[in-house]
1. So for the chain: antiparallel DSSP bridges make up what percent, rounded to the nearest 5?
2. Expressed in nm to one decimal, what extension gain is obtained for the pair K66 and N165 from 0.36 nm per residue of sequence separation less their Cα-Cα distance?
3. Just to verify a number: FRET efficiency for D12 and E48, C-beta to C-beta distance, R0 = 22 Å, to 0.05?
4. Rolling a 1.4 Å sphere over the protein heavy atoms, what is the accessible area per residue of segment 24-68, to the nearest Å²?
5. Tell me the net charge near R69. Cut-off is 12 Å between Cβ atoms, R69 excluded, with +1 for each Lys or Arg and -1 for each Asp or Glu.
6. Name the chymotrypsin sites (Phe, Trp or Tyr not before Pro) in segment 1-91 that are in a loop by DSSP and that have at most 15 other C-beta atoms within 10 Å, would you?
7. What are the membrane-span-like helices in the chain by this rule: whole DSSP H runs, Cα extent along the axis at least 18 Å, mean Kyte-Doolittle hydropathy at least -0.5?
8. With a cut-off of 8 Å between alpha carbons and a minimum separation of six or more residues, what is the relative contact order of the chain in percent?
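The values are calculated or read from the model by the stated rules, or taken from the named source; none is laboratory data. Please read all numbers here as calculations on a predicted model, not as lab measurements. FYI the Cβ positions are ideal-geometry reconstructions off the backbone, even for glycines, and counts take in every protein chain you see. Side chains included, ligands, DNA and RNA excluded: accessible areas come from the protein's heavy atoms. Shrake-Rupley method; radii C 1.70, N 1.55, O 1.52, S 1.80 Å.
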Amino acid sequence: MRIPESELIINDDGSAFHIHLKPEELADKVILVGDPGRVDMVGEFLEEKEFRHASREFVSITGKYKGSRITVLSTGIGTDNIDIVLTELDSLANVDFKTREVRPEHRRLTILRIGTTGAIQPDIPLGSFIFSEISVGCDGLLNWYADMDKVNIPEMEEAFKKHTNWNSRLSSPYFVKAGQRLIDAFRDCTVKGVTISAQGFYGPQGRVVRLPLAMPDMLETFESFRFGEYRITNFEMESSAVAGLAAHLGHEAGTVCCAIANRYLKDSNTNYKPRVRQLVELALDKMAEL
C-alpha cells in the first residue's frame with residue numbers, strides 16, 4: 001500500500017518532514033536527548049561525524065563511537081514531540097521514500113533516550129542514574145493507537161488506578177516495558193526505575209505555583225504504590241512514548257536519566273551538567289556493546 005503524501009510528508013531533499021534526516025543518514029542505534037544543545041555535547045564523543053542538521057528543536061548528528069555507528073537526535077520536550085520523532089524514525093527505517101511503500105523486510109532500531117529527572121523516593125540520592133524499566137504514560141498518547149494491549153501491562157495499570165483512585169477526567173494511564181536488551185545492559189549500573197511520564201512540568205508533576213491540583217496528594221500516592229518488586233521512582237516527560245511507540249513499531253527502546261531533583265526530599269541540584277556528561281559516556285559505552 002502506498003502511503004499518501006498527506007500522511008507522511010517528505011521534504012523536497014528526500015528527508016523526513018520534521019527531523020530532516022534522510023534514510024541513509026540514520027544509524028541502527030539512536031540516542032535521543034531533549035535539549036537541542038545536548039546533541040553537540042554527545043557529538044563530542046563521536047568520531048567520523050557525517051553531518052549536522054538543525055530544524056526547530058530537532059538537531060541531529062550521525063557518527064561513530066568505538067566503531068559503532070550512532071545517530072544522536074534532539075526531540076524537545078514532551079510526548080507529542082516523541083510521537084513525531086518515533087514515527088519519522090520508523091518511516092526512515094521501514095518506508096521506501098521513493099515509492100512510499102512499506103519495505104518488505106523490517107529494520108529494527110535500538111533507541112535510547114538520555115535525560116534528566118526528578119526522583120520521588122527518599123532513598124534515591126541526587127545524581128543517581130535511573131533506567132526506566134517500566135514507564136507510566138499519564139500523557140494519553142498511546143491511547144490514540146489501536147491494539148495498545150499488545151505492548152501495555154494491563155494488570156499493573158488497574159492496580160495503579162485503584163491505588164490512586166484515578167481521576168476519570170484524566171487520560172487513562174498506560175504501563176509499558178523497555179526493551180529487554182537495554183534493561184539487561186543497564187541493570188548493574190542504574191537504579192531500577194518505574195517512571196511517570198507526565199504531560200507537563202508543573203501541575204501534571206504535582207507542582208503548585210498558583211493553581212491547585214486535581215490530585216493534591218499525587219506525590220504521596222505515587223510514592224506509596226507497590227506492585228510486586230516495583231515502585232514508582234521518578235518523573236519525566238517522554239519515556240512512555242519512547243518505549244510504547246517503539247515496541248508497537250517493532251523497535252527496542254528505553255530511557256535512562258540523571259536525577260537532578262528529589263521531590264520527596266524537596267531538594268535539587270542545578271549544577272548537574274558534569275554528572276549528565278558521565279551518564280552520556282556510560283550510555284554510549286552500553287550502546288556500542290549492543
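1. On the way: 30 of 60 bridges.
Beta bridges within the chain, antiparallel portion: roughly 50 percent.
2. 30.8 nm
3. Values: r = 28 Å, r/R0 = 1.26.
Once rounded, the FRET efficiency stands at 0.20.
4. It amounts to 47 Å² per residue over segment 24-68.
5. Here the count lands on -2.
6. Qualifying residues, ordered by number: F17.
7. 79-94, 273-289
8. With pairs under 8 Å counted, the relative contact order is 23 percent.
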